[in-house]
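The values are calculated or read from the model by the stated rules, or taken from the named source; none is laboratory data. Bear in mind the structure is a predicted one, so any value in this text is a computation, not a measurement. Quick reminder, even Gly has a Cβ in these numbers, built from the backbone with ideal geometry, and neighbours come from all protein chains shown. Note: accessible area is taken over every heavy atom of the protein model, side chains too, but ligands, DNA and RNA are not part of it. Shrake-Rupley method; radii C 1.70, N 1.55, O 1.52, S 1.80 Å.
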Amino acid sequence: MISVQNVLQSSGAFARCRPAVQVLRMASAVAVGLALLGVVQPQAQAQSCTSTYEPGSLQQRQRSGLWDGRIGPIRVVNNTENAIVVSLYHPNAPDRVFKYWYAEPGQRFLLSNDNYSSDWGIQIDEGPICYVGRVSSWDSRMFTTFPSRLFITDSPARSRLSAVKSQAVAVPLAIGSPRPETYEAIAAKQIKQGQQRNGLVSLLRAADLYRASGRTQDEQRVRDRIKHEIGG
């Protein structure tokens, strides 16, 4: 962990014994370092999102307010710069994903035409599961939620992608970065072992890394595979 205070103190010590040009270079390096720290900071966890989705019995959900009588379709608006996998969980079967959806950046869509109650669980990528009623707006007939309201794990792959996207042109990933082929191999094993959601998220990571390195054809190939796996 970089201590800003220590860095600034060190720069002050160098200022006493080095030319002004070197001091300016060091100040610039500190600024860049702080900017990169801002890029990779994980997002704050949304309210009512947990690592374990345990809504309880219907009576418990009613008493706690998780089920508050609101029932309607769920609209998701992907207001992020990343493609996402949306997972939905039925409160009577909290350990099993009910259904998956794939959303491109900027896409808005309904999670089918079915109605869902406020105590269902919704998850973006590998983030925790959130209660629909507590992370969605309600217009008397429909829930609407945004990935920015839900916790999205700031994985190493996506942190590196954010750093690359901040530059003017796409550049190859740094030496030591995980290769997209690695994530594809992991995904194949996960899907074969029945870990469908984990496999889809690994494919997302592969697509992100292909995009970051400018390999657009491979990125599209992986995204098409995600759609095929989901069946959409």
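Structure notes:
- Sparsely packed trypsin sites (Lys or Arg not before Pro) within region 71-128, loop by DSSP, other Cβ within 10 Å at most 11: Arg96
- Phi angles across region 74-87 convert, under the Karplus curve 6.51 cos²θ - 1.76 cosθ + 1.60 with θ = phi - 60°, into 3J(HN,Hα) values of 10, 9, 10, 10, 7, 8, 10, 8, 10, 5, 9, 10, 9, 10 Hz, Gly and Pro given as x.
- Reciprocal of mean inverse Cα separation for region 77-152 (Kirkwood radius, Å): 12.5 Å
- The apolar share of the surface of region 77-117, taken as the fraction of accessible area on carbon and sulfur atoms (1.4 Å probe, ligands and nucleic acids excluded), comes to 42 percent.
- Solvent exposure of region 77-137, expressed per residue, is 39 Å² of accessible area, with all protein chains present and a 1.4 angstrom probe.
- Partners for Lys189 among aspartates and glutamates (Cα-Cα distance below 16 Å; same-chain residues under 8 apart left out): Glu181, Glu229
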